[in-house]
Amino acid sequence: MENDRTKLLGGAPIIPKLCEGDGEPGLVSVLIPSYNRGYIIGKAIKSVLAQTYRPLEIIVVDDGSTDETRAIIDKFGPAISYIYQENAGLAVARNTGLAAARGEFIAFQDSDDIWLPWKLQVQVALMRHLPELALVWTDMTAVNPVGVVVSKSHLKTMYHVYQKIKAEDYLSNSGLVKDVCPDSPPDVAQASFRYGDIFSPMFMGNLVHPPTALMRRKHLCCTGGLDLTFARTCEDYEFFWRVSREGLGALVEAPSMLYRVDAEDQLTKPDLHLYFARGNLVALKRRIEQDRDRIKLPQYIIRRQMAEAYGWVAEEELLSGNGNRAAGYFWKSLLLNPAQKRALTLFPFSLVPQPLFRLARSLKQRLSSGLSR
């Protein structure tokens, strides 16, 4: 049986044929994958049912839960379509939902996040106003596990690509929400939206937080769904990048959801950073191989981004105790951009015997801890 690293770094994409046709006009299919989130999924579902937009369908894909998830879903009755599958991961669960979805529009919701009631109403209005849009996403508000606001406008904090680019350079067209959705709440109506071709800037990093996005089915169909060769992480980034190839993207500059941070059961935990780094590198290499002519960026920026991607993998391999692999990635990174101070600093540590490296790292952590007291 293949391990996660083999699935990520080798082999052809495994993408089922999903979501054919234009879908049922006006219907929004909301897909909620879940694994052992019975304690919180009810809140996510209620936030979808509270949407001011209709018609919609809610499809919960239970990815092999062993808790009370099924019982919680049953309480909602026929309002929810429930699909159970053996545990196979987030990408498979979302593809299962895509295969069952009937709507003209499709949205991902996470089982631990809360949508604000206006979200779908504004996004569908914008989609109808601009038929060339393949997806619309929004800002988000970060809250801790007990609901206290941590960051009111969190999208550009969480996704570092917004520090690398000027969004207005690519989302060069703009307007006000009130002009496309006059019935939206007053504070939302005054918010701006921007749209344009985001395929090239996606090379610099993911712009789209999945539960904030609404996609048009006919554009999504062309992607074939989430690529299952991206095991555990980065499947969303790679997927939205391919969606952006099929049409324009629009950002509504208002938070449409409450995003839970610092929870124990989230996929953004530090022990998954190596998978993020590997997945990011594979996504970049694949887009260069398949779509180089469509990436409208200067060559020096592409080289710099690739150098950073190799350096990120190298650093995570080093921290995971894989010195030999780290050295190879550091070398590739420095060949692309020899001026990287961080890579130059860390490269020698990948050549140190790992027991000595771990000892030095442990001593540094202890000294740092002592000095902070």
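Coordinate-derived values only; no laboratory data. This structure is a prediction, so every number in the text was calculated from the model and none was measured. FYI the Cβ positions are ideal-geometry reconstructions off the backbone, even for glycines, and counts take in every protein chain you see.
Observations, loosely collected:
- If you run the Gaussian network model on the chain, springs between alpha carbon atoms under 10 Å, then out of Leu126, Leu98, Leu346 the most flexible one is Leu346.
- Computed magnitude of the charge dipole of the chain (debye, nearest 20; Cβ of K, R +1, Cβ of D, E -1): 1300
- Counting only DSSP beta bridges whose two residues both lie in the chain, roughly 40 percent are antiparallel.
- Gyration tensor (alpha-carbon) shape descriptor, the range 245-350, a/c threshold 1.5: oblate
- Derived scalar couplings between HN and Hα for the range 93-104 equal 4, 5, 5, 4, x, 4, 5, 8, 5, 10, x, 5 Hz in order, rounded to whole Hz, by the Karplus curve 6.51 cos²θ - 1.76 cosθ + 1.60 (θ = phi - 60°), x for Gly and Pro.
- Burial order of peptide ranges 155-161, 322-328 (average beta-carbon count within 10 Å, highest first): 322-328, 155-161
- Overall dimensions of the range 71-154, expressed as equivalent-ellipsoid semi-axes from the Cα gyration tensor (√(5λ), whole Å, largest first), are 24, 22, 14.
- Charged-residue dipole, Cβ positions (Lys, Arg, Asp, Glu), the range 253-352 about Cα centre, Debye nearest 20: 560
- Label-point separation, Lys166 to Leu335 (7 Å along Cα→Cβ), nm: 3.5
- Mean residue ellipticity at 222 nm, helices only, the chain: -12000 deg cm²/dmol; runs of at least 4 DSSP H residues each add -39,500 (n - 2.57), and the sum is divided by the number of residues.
- Distance cut-off 36 Å, percentage of C-alpha pairs in the chain lying past it: 25
- A Förster radius of 45 Å combined with the Cβ-Cβ distance from Ile301 to Tyr84 puts the calculated FRET efficiency at roughly 0.50.
- Each label point was placed 7 Å from the Cα along the Cα-to-Cβ direction; for Arg342 and Lys156 their separation is 2.1 nm.
- Our coupling estimate for the range 341-347, obtained by passing each phi through the Karplus curve with A = 6.51, B = -1.76, C = 1.60 and θ = phi - 60°, is 5, 5, 5, 5, 6, 8, 3 Hz, Gly and Pro reported as x.
- Cross-link table Lys166/Lys332; Lys152/Lys218; Lys164/Lys218; Lys164/Lys341; Lys46/Lys156; Lys43/Lys166, entries beyond 24 Å C-alpha to C-alpha: Lys166/Lys332; Lys152/Lys218; Lys164/Lys218; Lys46/Lys156; Lys43/Lys166
- Cα long-axis angle, helix 299-319 against the chain (0 to 90 degrees, to the nearest 10): 70
- Amide H contacts under 5 Å for Asp139: Val252, Ala254, Ser256, restricted to partners 5 or more places along the chain or on a different chain, H placed in the peptide plane at 1.01 Å from N.
- Alpha carbon centroid spacing (whole Å) that separates the range 119-194 from the range 84-113: 23
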